[in-house]
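Input: a single structure, listed below in structure tokens.
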Amino acid sequence: MPLKTNALYYGGDYNPEQWDRQTIEQDIPLMREAGVNMATVNVFAWGELEADEGCWDEEAFSRLAERIDALGKAGISVDLATGTAAPPAWMAHKYPDSLPVDRQGVRLGFGSRQGYCLSSPEYRAGVVRLSREIATRFGSHEAVALFHINNEYGCHIHECFCERCAGEFRQWLQQKYGSIEELNHAWGCAFWSQRRRNFEQVEPPRATPTFHNPAHLADWRRFSNEQMLKLFRLEKEQLQARAPQIPITTNFMGYFPPVDYRQWAREVDVVSNDEYPDPADPAAIAEQAWSADMQRGYKGQPWLIMEQAPGVVQWRAANASKRPGQWALWSLSQIARGADGALCFQWRQSEAGAETWHGAMVPHYGTAGSHWKEMVDLGTKLANLSPVAGTQVQAEVAVMVDWESEIIRSTSIGPVPHSWMGQARVWHRSLFEAGITADVVGVDADLSQYRMVIVADLAAPDAILGKKLEEFVEGGGQLIGTTGTGRFTPEGKAALGGYLGVLSSLFGVNVEGTVYGVNAAETAVVAEGVNEHLGGSTPQGAPDGNPDPRVCRITAAVGAPAAARYVGIEPVDPALERAMDSLCEVRPALRGKTRADSIEVEDATPIAFFTDGIATDLNGKAAITRRKVGKGQAWYVGTDLDLAGRAGVLALVGAHARVRPVLPGAPAGVEAVKRGKVLFVLNHADKAAELSGMVGTDLLSATQLSGHVVVPPRSAIALWQ
Ligand code: GLA
Ligand code: ZN
């Protein structure tokens, strides 16, 4: 059941249970003033609604009903949450083992949120009871446009190490493997004396003296993802049985590692996502674009920004403020990439509790200041943008990602710290910087609409993917593959006989090994929550510092290219040189960052060779190759190129693919995206952007443009063409 999209949605989490009547009475008039047309209610109200097991607090329910009625009367749609994300105090006290246990065996206490064991029968019974009640009471209310199941599954608790979860894990393994011998074989239990004689001997990966078996960890990740999905399905069944006409969502968190969102996306009617870019990071907008392109890719449909911060967050070590204009600009950049609404956390800033210092649409100060003006301004803009609701973004490039590969790679131990989808993210960033719109797709994607596909560091491709990529290239596609790809079999074991595995023949090269530098540890963005299993230490400098040749007769003469900060590469193909030349006035060096593959060229043409830096010992060996296959080409990049290197390769391969920026020659700081008939021009820079050739109606300002346009700093136009 799709969400109605006659207009773009605007609003946020609305928690009237935190406020007195007098304050609540101001809410709806203010919402109307700001153009709010959707409110998410009941996300954390379980403790209000259920006074004791099975005992509903009728007063709390009638307050909720009154709010839903009032929102409906004001024409504001309700995204009604089932309210199950924070079980109430009585549950923790009556059933202490409904609380989660961490890997040290510590049972967590009540007094925060998401305090539940993923296998607790009492929690399961509780979510069934509450979601059924919500659906029964409100499932035919016409204000309810969307059901919001739970909230950010896994955000704080994505695994539980209690005995009951251990039991469910064993059952899950038994189903997966059939026999303990199969499990021993799949996990490689001959290593470190880990052979089990029966399933009872298998435990969750609790705290251990040193590294866990990676296959054990990977199965634990898969199991925990499915435990959460089971909880989601329990609620979904209750809602669908009572109100099948209301679409269902649960809010995602970008590309949060513990949850396989591509799988989950198949189970929701509407993809919704929470996005909190850090205003202190200039590249946050690229990261946000990556996440947006990913949400769009899950279903190939518009989605909702369910949460973003209308101001500061309070949960980072340092919480930077958004600058004037960024609230609207960042919202619009996601609308441009296919979002059908910009909701936020939250409507009214709390006066108590853990999120007192988190920004909201109505701040502590009230509505007299500049903050409120920005809130109202975005409401006006979104109303003007109604014609884009429901329309699609067209992309000619796809960046491919694979949760399975990431799980395998992130649970393996070394050789470089894992950065979750790190290489795919940086290639996407380079496309973003080049002004080229890309879809982020899964391995199951239909590639026929794309001219260029990037498979970066995709650890465990299978033969089906190999065939699909081969057909893509044969049919005329340009494929870029990078280092790290194909290191594992689909089962998660090391690929023997060459690290490209099933993709080796397509690229016409084989990868013997990789030379690693030591700055990998610094370069990697370690994925929170997944990489915490990764033990070991990053290399430390010698306690004596750098050897001085006058007194270190021996050690000062030792070369250590691994300590270099770059991988040196020399282009030999004039087209690649021209591509590098096209980037800026003085040609930047073509370089990698932390690793270099030792490549055996079998049936391909090298277009660049390694020279020095980390790759010193590979001097003269191929670094980048290309192979013509049918009407297309397969390009292999045997290093993690830096920004300039990726820009050069994209300029070269993009030209073969005839992929062009959305707005060629766009001024610095300008992001351009085409959605349906509307060209979004978003000026992220501190200075005004001057553009020519802008003819049409700017929907945002409802004015007619006839060519030359000046877009002020941190603002946008949306040109209907
Ligand atoms: C998450 C939650 C919200 C709120 C915000 C604060 O996204 O879903 O309830 O805590 O974080 O940023
Ligand atoms: Zn548990």
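Within the range 325-339, being touching a strand residue (DSSP E or B) at 6+ places or on another chain (Cβ under 7 Å) and surrounded by 23 or more Cβ atoms within 10 Å (Cβ to Cβ) holds for S331, L332, Q334, I335, A336, R337, G338, A339. Of all residues in the range 466-512, those satisfying the criterion of being on the phi > 0 side of the Ramachandran plot and more than 24 Å from the chain's Cα centre (by Cα) are G476, G497, G498, G501, G508. Taking the criterion of being closer than 12 Å to W46 by Cβ and either within 16 Å of ligand 1 (Cβ to nearest atom) or within 30 Å of the chain's Cα centre (by Cα) (or both), the residues of the range 89-125 that qualify are R113, Q114, G115, Y116, Y123. For the range 684-697, does any single residue satisfy the condition of being in the same structural domain as I607 (by the TED database), over 30 Å from Y516 (Cβ atoms) and in contact (Cβ under 8 Å) with a residue 60 or more places away in the chain? No, because not a single residue in the range 684-697 is in the same structural domain as I607 (by the TED database), over 30 Å from Y516 (Cβ atoms) and in contact (Cβ under 8 Å) with a residue 60 or more places away in the chain. Just to be sure before I move on: is T380 open to solvent by 40 Å² or more (accessible area, probe 1.4 Å) and either farther than 30 Å from A215 by Cα or outside the structural domain of G466 (by the TED database) (or both) in the structure I sent? Yes.
Residues in the range 673-688 that are surrounded by fewer than 19 Cβ atoms within 10 Å (Cβ to Cβ) and aliphatic (A, V, I, L, M) were compared, and the one that is nearest to the chain's Cα centre (by Cα) is A685. For the range 192-204, the criterion of being open to solvent by 20 Å² or more (accessible area, probe 1.4 Å), outside the structural domain of Y261 (by the TED database), outside any helix (DSSP H, G or I) and within 16 Å of ligand 2 (Cβ to nearest atom) is met by at least one residue. The condition of being of a type in the set (A, V, I, L, M), outside any loop (DSSP other than H, G, I, E, B) and crowded, with 23+ Cβ neighbours inside 10 Å holds for only one of I464, I407, that being I407. Would you confirm whether any residue within the range 409-429 is aromatic (F, W, Y) and farther than 21 Å from Q263 by Cβ? There is at least one residue in the range 409-429 that is aromatic (F, W, Y) and farther than 21 Å from Q263 by Cβ.
The set of residues in the range 340-365 that are away from ligand 1 (no atom under 15 Å from the Cβ), more than 28 Å from D293 (Cβ to Cβ) and open to solvent by less than 20 Å² (accessible area, probe 1.4 Å) contains only V362. Is it true that some residue in the range 82-94 is over 21 Å from F345 (Cβ atoms) and of a type in the set (S, T, N, Q)? Within the range 82-94 (the criterion being over 21 Å from F345 (Cβ atoms) and of a type in the set (S, T, N, Q)), the answer is no, since none of the residues qualifies. Annotation note: Cβ proximity below 9 Å between a residue of the range 306-321 that is over 14 Å from E275 (Cβ atoms) and within 16 Å of ligand 2 (Cβ to nearest atom) and a residue that is of a type outside the set (D, E, K, R) and outside any loop (DSSP other than H, G, I, E, B) (sequence gap 6+ or interchain) occurs for no pair. Would it be correct to say that V393 is open to solvent by less than 40 Å² (accessible area, probe 1.4 Å) and out of contact with any Phe, Trp or Tyr (no Cβ under 7 Å at 6 or more places or on another chain)? Criteria met by V393.
For I149, the conditions (1) away from ligand 1 (no atom under 16 Å from the Cβ); (2) closer than 29 Å to I305 by Cβ; (3) out of contact with any Gly (no Cβ under 8 Å at 6 or more places or on another chain) are fulfilled apart from (1).
Residue pairs whose Cβ atoms lie under 9 Å apart, sitting 6 or more positions apart in sequence or on different chains, and linking a residue in the range 178-191 that is on the phi > 0 side of the Ramachandran plot to a partner that is open to solvent by less than 20 Å² (accessible area, probe 1.4 Å), are G188/N213. Residues of the range 31-47 being surrounded by 19 or more Cβ atoms within 10 Å (Cβ to Cβ) and assigned to a helix (DSSP H, G or I), which ones? Within the range 31-47, M31, A34, W46 meet the criteria.
Here G167 meets each of (1) under 32 Å from the mean Cα position of the chain (by Cα); (2) away from ligand 2 (no atom under 16 Å from the Cβ); (3) open to solvent by 10 Å² or more (accessible area, probe 1.4 Å) with one exception, condition (2).
Criterion first (outside any strand (DSSP E or B) and either under 13 Å from I407 (Cβ atoms) or open to solvent by 60 Å² or more (accessible area, probe 1.4 Å) (or both)) does E235 satisfy it?
Answer is no for this residue.
Selection of the range 82-123 for residues being out of contact with any Phe, Trp or Tyr (no Cβ under 8 Å at 6 or more places or on another chain) and either open to solvent by less than 10 Å² (accessible area, probe 1.4 Å) or not in a loop (DSSP other than H, G, I, E, B) (or both) yields W90, K94, P96, D97, R107, Q114, L118, S119, P121.
For C155, indicate whether it is within 13 Å of ligand 2 (Cβ to nearest atom), on the phi < 0 side of the Ramachandran plot and crowded, with 16+ Cβ neighbours inside 10 Å. The answer is no for C155. Checking A265, A284, A368 one by one, the residue that is closer than 30 Å to S405 by Cα, surrounded by fewer than 23 Cβ atoms within 10 Å (Cβ to Cβ) and without any contact (Cβ under 8 Å) to a residue 24 or more places away in the chain is A284 and no other. The residue list L663, L691 contains one member that is touching a strand residue (DSSP E or B) at 6+ places or on another chain (Cβ under 8 Å), open to solvent by less than 60 Å² (accessible area, probe 1.4 Å) and not in a loop (DSSP other than H, G, I, E, B), which is L691.
Note on the range 547-577: residues that are in a helix (DSSP H, G or I) and without any contact (Cβ under 8 Å) to a residue 24 or more places away in the chain total 5. Pairing residues of the range 107-126 that are in contact (Cβ under 8 Å) with a residue 12 or more places away in the chain with residues that are more than 15 Å from ligand 2 (Cβ to nearest atom) and open to solvent by 10 Å² or more (accessible area, probe 1.4 Å), at Cβ distances under 7 Å and at least 6 apart in sequence or on separate chains, gives F110/A89; R113/F44; R113/A86; Q114/A86; Q114/C155; R124/L234.
The values are calculated or read from the model by the stated rules, or taken from the named source; none is laboratory data. Note that this is a predicted model, so its numbers are computed, not measured. Using ideal geometry, Cβ is built from the backbone for each residue, glycine included, and neighbour counts are taken over all protein chains shown. Note: areas computed on protein heavy atoms with side chains; ligands, DNA, RNA excluded. Shrake-Rupley method; radii C 1.70, N 1.55, O 1.52, S 1.80 Å.
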